[in-house]
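What follows is one structure encoded as structure tokens, with my remarks underneath.
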Amino acid sequence: MPEIKMDEQSRDLILAAEISGLIHDLGKTREEFAQEKMSGDLSRNQRKKKFDEPAKKCHQREAHGAILEEGRPYPPTDEENEWLKQIKDHDGWKNVLRIPEQWIKPGTVQAHGLGDPLRQHHAKGGFPADQLTLLGDIYTFGADIRDSALDKGSSGTDSGKQKSEYGFIADSFGNEDADRPYGPEPLRTLWPQARQVLEATLLVDGAWQDVPKARETLLKELEPVPRDRPELFRKALGETRRPTNDVTLWHHCYSSASLFKAAVAEGVLRRDFRYLQDEQGAFDTGKIGHVRFRLLGIRWDWAALAGGALQPVVLTAMAQNRQQAIAHLRQRLEVDYPVGNQVYADDNGVVFVVGGFYQGLKDAEGQQAEALFQQHILNPLQSGILQDLAPLGAGVAVRLAWTQPRLYLTDYPEVMATDWTESSGDRQRLLQVGEDELYRLWGKQTGADQQVQICPQCGLRPGQARELAINESSLNADDEDGPSSLCDHCQTLVTDKAYVQRRREAQQLFGFDPATFNLQEIRNKGNLPGNARVVMLSLRVNIEAIAKGQTLLTQQARPMADLREMQTICASSAEKAGDDLENKVLKRLRQGGDKQSLCEHITAELANDACLIVGDDYWLDFQEQKNNFKGNDGRVVGEPAEKALRLLDEFFLREFIPEDAGLYRHDGDKLLLFGMRKHASPGRLARTWDDLQELWRQILWDIAGDTQHWLMPLSLDAGGFRVIVAAHDARNALERIQQRVTEKLGKVRAGLDVHVSALAFREKFPLYVALDALRRMERRIAKTPPQTWKLMSSAPNRDGTLLLNWETPQGPVEWTVSLKTGDPHQSDLWYPHAICVSRPEGPGRLVRLDQLEAGEKIRLRPSTFDFMALDGTARRYDLRYDAQGRRPHFILAEPGRRPYLLEQLDEVLNLSRQTGWKVSQTKGLLGQIIECYEKWVRDVPNELRPQGREAWRGHCEAIFRRYLKDKEVRARLIELFKDEERACLLFDAFEWSGFIEKDAHSPVVEKDAA
């Protein structure tokens, strides 16, 4: 498929539009913005006089949207006027942003400069018609509100406004720390920095003549990577109210600019913007729904690709090649043939937002949309994409997948899979990198002096073989140039010259320089004499669950108790509010009717309340008497009732809600949940990916510091990390993980589950086998079934935390959860929630943790910890989890045990020490327990097993009573052995301390795997 180039004029138009979107909220870097939006500095009347009235005179709804106008509230008009005038009106940028006349209708208002999105995204009636540019309106209606509609869900509440003396930028998990302050004072230095950056990148002479360079320079200043310079837009907020103070100005601006870029690119590729215009050439707000977007995933199976690695250094080399491939993809899709921006990246590839090429609802129109999308995006880019992926190596399988055109980006899971999925149907292509090269490599003629065989590392390409001596192996990693028989591509990953380069690459990827890539050296530095083991640690979260908003269900943007009083919808309980939405609004909409009859039943007061709950002023546009009437809702088309219902399907009810959680009885409940919960907006997801990766990087830094860099990092992305440490260092590493996860994710632990895995093996153990075992262990993450936990007690602590004690299917668990915000006078109403299945079905099951009562039960997906000692290559096949999450146990066999709860990590690490048993005592007592189990339970007929199991438990209890001096430990073990699954803890604890750590306090005789 031939590669098609984009002409320079079209490319520059798209990139300049993106730049204008990036600076649309420049006014939010002013200290006055914080004064206006936060309480404490000014009274309501003072804010009205200082900000609202001047903004109104400028025909702006918000003061920060008026910074380019005469008579603006801020900045003072006698200061810094010249550079702001150039943002507003600039001949050079105006020319770059000019749309060819044949693509638009007569009367179209062309761009004046880079400031049109800034001026128009809060413009109101009275704004000069000759200033309402087409591009500015496309940004306003097609990009800004698409991100903000999902982001800014805190309107209509009483407690969300931050005080200026206690203002913070929260992270994605509700933590407000002193190192991320927000308010007029922190913003005071930001505006001069912003001016300096924009003048140096966009307004310097000739900047508009090299738009790709201007874009690149601007992005580096706004979001420096590595972060060796001030993070300009990360120090400001897109929304100041809690809990939406988690989305920084950078994340909102980048996300909305990416949507704008995709929308403009679609018009450029169509060579037609007229489908968005009215007869006068203005943007037709009735056609907002034609601005839609798709997600384009370019994915590969990294676990399979890296699974054949024969040496640890290969993984770092492959990771660097992957980064290089992603950089090539971004250059192509974002700059050379700009169709959108990257919105997600991990080990398995990237996801871009691109134009939707929406044509309409009919089947024929849908087929036409697919044809246009393939004609303008897929077909021109496919061959180039495969070229960009060449660093991965010829033969690598790649999945291209794309979603249907959507108003809002809610379909991430469809494009994140690495293999063919039935749900995507024809919206996917399975391709192969370097197909022609692969044919050439395998098509070489072989003769008597040249043998060709499959490369033992990648399994994709031919490796050159030579006849081996009787004592040689083609997998010998100690050869001077790496293992024999590798293909040329794999050979470059392991040469001596590569090692020096890999250290630099590891510094770039992980932020530190590993002391070595040799597992034997790591083992020698970290372990006690006689312990030849290392441990591969993995921490992962379910990325797809985050992307579809599943983990945000327990984070409320607008708790019912905090909503302002309503006139017609009963807000005394979530159930009553849901019933009112169902019975008073949705049932009436389903009956249909003309506009007049709908208005008679869905009054202005009822429409006001419904829109307040949902947080969307555009909905129910047939009721023109409602507050903040926005005019015709052009997101969807049809009769009045049909439009309102269609928006449910296309927006309000599209987010994931688990069917078995009992959170809804009908669509009214779902609609209420939409209004209550936080949403997976592009901006919020971008912040979440950044925060997760930063947390994982911090944990890796902790482990690197503890081990003095004697570790081997393998991977790092938003989904987690993998690292190899000496067996003796694994305990501290696991404790570091638990400490950081509890500290940072404590508020959201009922919604965001974290999974830690550990695999121990000798330093000479085949690395590819260990990687395969890890892949099998990590499969449990997406399949972990929800559990029901019972609250036994809860008690507030003086430090603002809450102590909760749970009874779980796997034993007692204790949580300490912070209920604080950065404001000592405001508790956290938004983050620490759980789904309480003891409450009546409906949205009321979302309960703040401090409002749960003893005896009530919650539903959650637990965080887990699992480990295995690989004493042979075959043991990895026991890593198969059933529907209940169980896998076979090395002592108690089937049905085995579930992974431990992450909260039980301390027990796994410390139980063996707590017994106080000596070496010989441990051997004898564990031997008795195991032998009796085999004779009385495992090896007897099924009908005799219940009696045998009871006898075995009694025998174990007698052993514990006799040989355990500590009463608490004795009682704990007696309780554990009442449940066969929980009894596994004793054996696992001794395997960890004696077999893996070889701890002298808790020994178990190590059996050679040979």
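Test each condition in (1) surrounded by fewer than 19 Cβ atoms within 10 Å (Cβ to Cβ); (2) charged (D, E, K, R); (3) assigned to a loop (DSSP other than H, G, I, E, B) for residue 875 and report the one that comes out false. So the condition that residue 875 fails would be (3). Residue 896 falls short on exactly one of the conditions (1) part of a strand (DSSP E or B); (2) over 30 Å from the mean Cα position of the chain (by Cα); (3) modelled with pLDDT of 95 or more, and that condition is (3).
Mind counting the residues in the stretch 327-340 that are surrounded by 19 or more Cβ atoms within 10 Å (Cβ to Cβ) and either within 23 Å of the chain's Cα centre (by Cα) or not assigned by TED's automatic domain parsing to the domain that holds residue 381 (or both)?
Within the stretch 327-340, the subset surrounded by 19 or more Cβ atoms within 10 Å (Cβ to Cβ) is 329, 333-334, 337-340.
Among the residues that remain, those that are also either within 23 Å of the chain's Cα centre (by Cα) or not assigned by TED's automatic domain parsing to the domain that holds residue 381 (or both) are: 329, 333-334, 339-340.
Number of matching residues: 5.
For the stretch 903-920, taking the residues that are polar (S, T, N, Q) and touching a residue at least 40 places away in the same chain (Cβ under 8 Å), the one that is nearest to residue 757 (Cα to Cα) is identified as 904.
Need a quick list: helices (runs of 4 or more DSSP H) entirely within the stretch 184-261 having at least 2 residues that are without any contact (Cβ under 8 Å) to a residue 12 or more places away in the chain and surrounded by fewer than 19 Cβ atoms within 10 Å (Cβ to Cβ). Reasoning before the result, please.
Numbers: elements: 184-187, 190-201, 211-222.
Fully inside the stretch 184-261 and qualifying: 190-201, 211-222.
When the residues of the stretch 870-893 are filtered to those that are among the charged types (D, E, K, R) and over 32 Å from the mean Cα position of the chain (by Cα), the one that is nearest to residue 787 (Cα to Cα) is 875.
Of all residues in the stretch 172-183, those satisfying the criterion of being in contact with a Gly (Cβ under 9 Å, 6 or more places away or on another chain) and surrounded by fewer than 19 Cβ atoms within 10 Å (Cβ to Cβ) are 177, 178, 180, 181.
Does residue 320 satisfy the condition of being in a helix (DSSP H, G or I), farther than 16 Å from residue 405 by Cβ and out of contact with any strand residue (DSSP E or B) (no Cβ under 9 Å at 6 or more places or on another chain)? Break it down into steps so the answer makes sense when it comes.
Working: in a helix (DSSP H, G or I): yes; farther than 16 Å from residue 405 by Cβ: yes; out of contact with any strand residue (DSSP E or B) (no Cβ under 9 Å at 6 or more places or on another chain): yes.
The answer is yes for residue 320.
For residue 359, the conditions (1) outside any helix (DSSP H, G or I); (2) free of Cβ contacts under 8 Å to residues at least 40 places away in the same chain; (3) surrounded by fewer than 18 Cβ atoms within 10 Å (Cβ to Cβ) all hold with the exception of (3).
Mind telling me which of the residues 114, 68, 118 ends up being in contact (Cβ under 8 Å) with a residue 24 or more places away in the chain, closer than 21 Å to residue 20 by Cβ, of a type in the set (A, V, I, L, M, F, W, C) and outside any loop (DSSP other than H, G, I, E, B)? Outline the logic, then answer.
Values: 114 fails: outside any loop (DSSP other than H, G, I, E, B); 68 fails: outside any loop (DSSP other than H, G, I, E, B).
Sole residue among the options that is in contact (Cβ under 8 Å) with a residue 24 or more places away in the chain, closer than 21 Å to residue 20 by Cβ, of a type in the set (A, V, I, L, M, F, W, C) and outside any loop (DSSP other than H, G, I, E, B): 118.
Would you check if there is a residue in the stretch 366-388 being among the acidic types (Asp, Glu) and closer than 26 Å to residue 716 by Cα? Among the residues of the stretch 366-388, at least one is among the acidic types (Asp, Glu) and closer than 26 Å to residue 716 by Cα, which makes the answer yes.
Quick check on the stretch 587-598. Is at least one of its residues surrounded by fewer than 20 Cβ atoms within 10 Å (Cβ to Cβ), within 29 Å of residue 241 (Cβ to Cβ) and polar (S, T, N, Q)?
Residues of the stretch 587-598 that are surrounded by fewer than 20 Cβ atoms within 10 Å (Cβ to Cβ), as a first pass: 587-588, 590-597.
Pick out the ones that are also within 29 Å of residue 241 (Cβ to Cβ) and you get none.
No; the residues of the stretch 587-598 include none that is surrounded by fewer than 20 Cβ atoms within 10 Å (Cβ to Cβ), within 29 Å of residue 241 (Cβ to Cβ) and polar (S, T, N, Q).
Going through 952, 992, 936 one at a time, which residue ends up being touching a residue at least 60 places away in the same chain (Cβ under 8 Å) and surrounded by 15 or more Cβ atoms within 10 Å (Cβ to Cβ)? Steps first, answer last, please.
On the way: 952 fails: touching a residue at least 60 places away in the same chain (Cβ under 8 Å); 936 fails: touching a residue at least 60 places away in the same chain (Cβ under 8 Å).
Result: 992 is the single residue among 952, 992, 936 that is touching a residue at least 60 places away in the same chain (Cβ under 8 Å) and surrounded by 15 or more Cβ atoms within 10 Å (Cβ to Cβ).
Quick one: in the stretch 278-313, of everything that is touching a Ser or Thr at 6+ places or on another chain (Cβ under 7 Å) and assigned to a strand (DSSP E or B), which residue is farthest from residue 502 (Cα to Cα)? Once the filter is applied, the top-ranked residue is 294.
Would you be able to say whether some residue in the stretch 326-339 is assigned to a helix (DSSP H, G or I), modelled with pLDDT under 95 and of a type outside the set (A, V, I, L, M, F, W, C)? No - not one qualifying residue is present in the stretch 326-339.
For residue 352, the requirement of being in the same structural domain as residue 417 (by TED's automatic domain parsing), of a type in the set (Phe, Trp, Tyr) and in a helix (DSSP H, G or I) is not met.
For the stretch 787-811, a residue qualifies if it is surrounded by fewer than 15 Cβ atoms within 10 Å (Cβ to Cβ) and assigned to a loop (DSSP other than H, G, I, E, B), and the qualifying residues are 797, 798, 799, 800.
Taking the stated definitions as given, is residue 672 crowded, with 24+ Cβ neighbours inside 10 Å, within 22 Å of the chain's Cα centre (by Cα) and either hydrophobic (A, V, I, L, M, F, W, C) or not assigned by TED's automatic domain parsing to the domain that holds residue 246 (or both)? Show your work before the answer.
Values: crowded, with 24+ Cβ neighbours inside 10 Å: yes; within 22 Å of the chain's Cα centre (by Cα): no; either hydrophobic (A, V, I, L, M, F, W, C) or not assigned by TED's automatic domain parsing to the domain that holds residue 246 (or both): yes.
In short, no.
Scanning the stretch 38-61 for residues being farther than 22 Å from residue 127 by Cβ, in contact (Cβ under 8 Å) with a residue 24 or more places away in the chain and not small (Gly, Ala, Ser) gives a total of 2. For the stretch 738-757, indicate whether the set of residues that are over 17 Å from residue 859 (Cα atoms), surrounded by fewer than 19 Cβ atoms within 10 Å (Cβ to Cβ), among the basic types (Lys, Arg) and at pLDDT 95 or above is non-empty. Looking through the stretch 738-757, at least one residue is over 17 Å from residue 859 (Cα atoms), surrounded by fewer than 19 Cβ atoms within 10 Å (Cβ to Cβ), among the basic types (Lys, Arg) and at pLDDT 95 or above. Comparison of 650, 655 shows that the only residue that is under 21 Å from the mean Cα position of the chain (by Cα), acidic (Asp, Glu) and modelled with pLDDT under 95 is 655.
Being among the hydrophobic types (A, V, I, L, M, F, W, C) and not in a helix (DSSP H, G or I) is the filter here; which residues of the stretch 38-58 pass it?
Restricting attention to the stretch 38-58, the residues satisfying the condition of being among the hydrophobic types (A, V, I, L, M, F, W, C) are 38, 42, 51, 55, 58.
Those that are among the hydrophobic types (A, V, I, L, M, F, W, C) and not in a helix (DSSP H, G or I): 38, 42, 58.
Of all residues in the stretch 287-303, those that are farther than 30 Å from residue 457 by Cβ and touching a residue at least 12 places away in the same chain (Cβ under 8 Å) have Cβ atoms under 8 Å from Cβ atoms of residues that are among the acidic types (Asp, Glu) and not in a loop (DSSP other than H, G, I, E, B), 6 or more apart or on another chain, in 295/414.
Kindly check whether there is at least one residue in the stretch 618-638 that is assigned to a helix (DSSP H, G or I) and of a type in the set (A, V, I, L, M, F, W, C). Please lay out each step first, then the result.
Going residue by residue through the stretch 618-638, those that are assigned to a helix (DSSP H, G or I) are none.
Scanning the stretch 618-638, I find no residue that is assigned to a helix (DSSP H, G or I) and of a type in the set (A, V, I, L, M, F, W, C), so the answer is no.
Going by the conditions given, is residue 907 among the acidic types (Asp, Glu), assigned to a helix (DSSP H, G or I) and either in contact with a Lys or Arg (Cβ under 9 Å, 6 or more places away or on another chain) or modelled with pLDDT under 95 (or both)?
Details: among the acidic types (Asp, Glu): yes; assigned to a helix (DSSP H, G or I): yes; either in contact with a Lys or Arg (Cβ under 9 Å, 6 or more places away or on another chain) or modelled with pLDDT under 95 (or both): yes.
Criteria met by residue 907.
Do we find a residue being polar (S, T, N, Q) and at pLDDT 95 or above anywhere in the stretch 563-577? Show your work before the answer.
Looking only at the stretch 563-577, we keep the residues that are polar (S, T, N, Q), and these are 567-568, 572-573.
Okay, now just the ones that are also at pLDDT 95 or above, so none.
Taking every residue of the stretch 563-577 in turn, none turns out to be polar (S, T, N, Q) and at pLDDT 95 or above.
The values are calculated or read from the model by the stated rules, or taken from the named source; none is laboratory data. Not measured: the values here are computed from a predicted model. Please note: Cβ atoms are built from the backbone with ideal geometry, for glycine as well, and neighbour counts cover all protein chains shown.
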